[in-house]
Amino acid sequence: MQVVVPFDPQSPKTRLAGVLDPTERKRFARAMLRDVLDAITATGMAPTVLSTATLDIDAETRLDERPLTSAVNAALEDAGSTPVAVVMADLALATPAALSELFETEDDIVLARGIGGGTNALVARHPDFRVDYHGASYRDHHAVADAVGASTAEIDSYRLGMDIDEPEDLAELLLHGDGHAARWLRTAGVRLVEEQGRVSVGREPIPVTTTAESDAADD
Ligand SMILES: Nc1nc2c(ncn2[C@@H]2O[C@H](COP(=O)(O)OP(=O)(O)OP(=O)(O)O)[C@@H](O)[C@H]2O)c(=O)[nH]1
Ligand SMILES: C[C@H](OP(=O)(O)O)C(=O)O
């Protein structure tokens, strides 16, 4: 099986602009990528990062400047009859156990839904299956699988379902994460705010000198 991790390092995580500035968003996205690659590697698989730009990371990288859907579909086509897993780079809470369940479920198409309607991870073992990301892609991928006559399974996983897109997702990461991304957030001064209802996040003012530590947390 090929395990592909799409990643766009250029202007990532714009929905986190209320909490992190552009440089921080790049560092945070990179820290999440490291967590995802570590979790995949711990399952015994070797991930390939499908990136829009060159990266200095310790993983095989395939460059493709096209938008997400086109790049992933090209990877599916190139794989031929080899099964392909597609795991998003913002699944900072992903664990080897959750990923192993995804990889080992034997249907033609295996889907791990994300909150908000997305498809956070999938496995494709059918030659005619193609992706169509954005919007309610989870629903769309079910329809594509049905249309090509593929059997479909769903992975019901909190750990794969939490893609870190919105500021409130950062609270989940602070609560349940212990990897590079969670550490980077804590070092950057992002903190849980407990009020009535769900916890949210806020930012502590941090002295300029600790910016270097915040970089180091990503190393
Ligand atoms: N290869 C590739 N990966 C992409 C592209 N766009 C997004 N990704 C990756 O796809 C995954 C899901 O991305 P999104 O959460 O939809 O987008 P994002 O740019 O990270 O965040 P927003 O700017 O907040 O939408 C992440 O792993 C991204 O790095 C692209 O054009 N090409
Ligand atoms: C890529 C996209 O992710 P989201 O926009 O939900 O983060 C999707 O899964 O369709």
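The values are calculated or read from the model by the stated rules, or taken from the named source; none is laboratory data. Just so we're clear, the structure is a prediction, and the values are computed from it rather than from any experiment. Here Cβ is always computed from backbone atoms with ideal geometry, including for glycine, and neighbour counts include all displayed protein chains.
Kindly provide the set of residues from the stretch 73-109 that are farther than 17 Å from Ala150 by Cα and in a loop (DSSP other than H, G, I, E, B), ordered by number.
Result: Met88, Ala89, Asp90, Leu91, Ala92, Leu93, Ala94, Thr95.
In the stretch 1-58, how many residues are basic (Lys, Arg), within 16 Å of ligand 2 (Cβ to nearest atom) and either part of a helix (DSSP H, G or I) or not assigned by TED's automatic domain parsing to the domain that holds Val84 (or both)?
Total meeting the criteria: 2.
Listed here are the residues, each with its yes/no results for (1) closer than 23 Å to Ala39 by Cα; (2) within 16 Å of ligand 2 (Cβ to nearest atom).
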position	(1), (2)
Leu63	yes, no
Asn73	no, yes
Asp78	no, no
Thr82	yes, no
Val86	yes, yes
Ala89	yes, yes
Ala112	yes, yes
Pro127	no, no
Gly149	no, no
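Of everything in the stretch 112-142, what is in a strand (DSSP E or B), within 15 Å of ligand 1 (Cβ to nearest atom) and under 20 Å from Ser81 (Cβ atoms)? Give them in sequence order.
Correct list: Leu122 only.
Inside the stretch 59-72, can you point out the residues that are touching a strand residue (DSSP E or B) at 6+ places or on another chain (Cβ under 7 Å) and not in a helix (DSSP H, G or I)?
Matches in the stretch 59-72: Ala59, Glu60, Thr61, Arg62, Leu63, Asp64.
This table checks each residue for (1) in the same structural domain as Asp38 (by TED's automatic domain parsing); (2) at pLDDT 95 or above.
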{"position": "His126", "(1), (2)": "yes, yes"}
{"position": "Asp178", "(1), (2)": "no, yes"}
{"position": "Arg186", "(1), (2)": "no, yes"}
{"position": "Pro205", "(1), (2)": "no, no"}
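Just need a number here: residues in the stretch 103-125 that are touching a Pro at 6+ places or on another chain (Cβ under 9 Å) and among the small types (Gly, Ala, Ser).
Of the residues in the stretch 103-125, 1 are touching a Pro at 6+ places or on another chain (Cβ under 9 Å) and among the small types (Gly, Ala, Ser).
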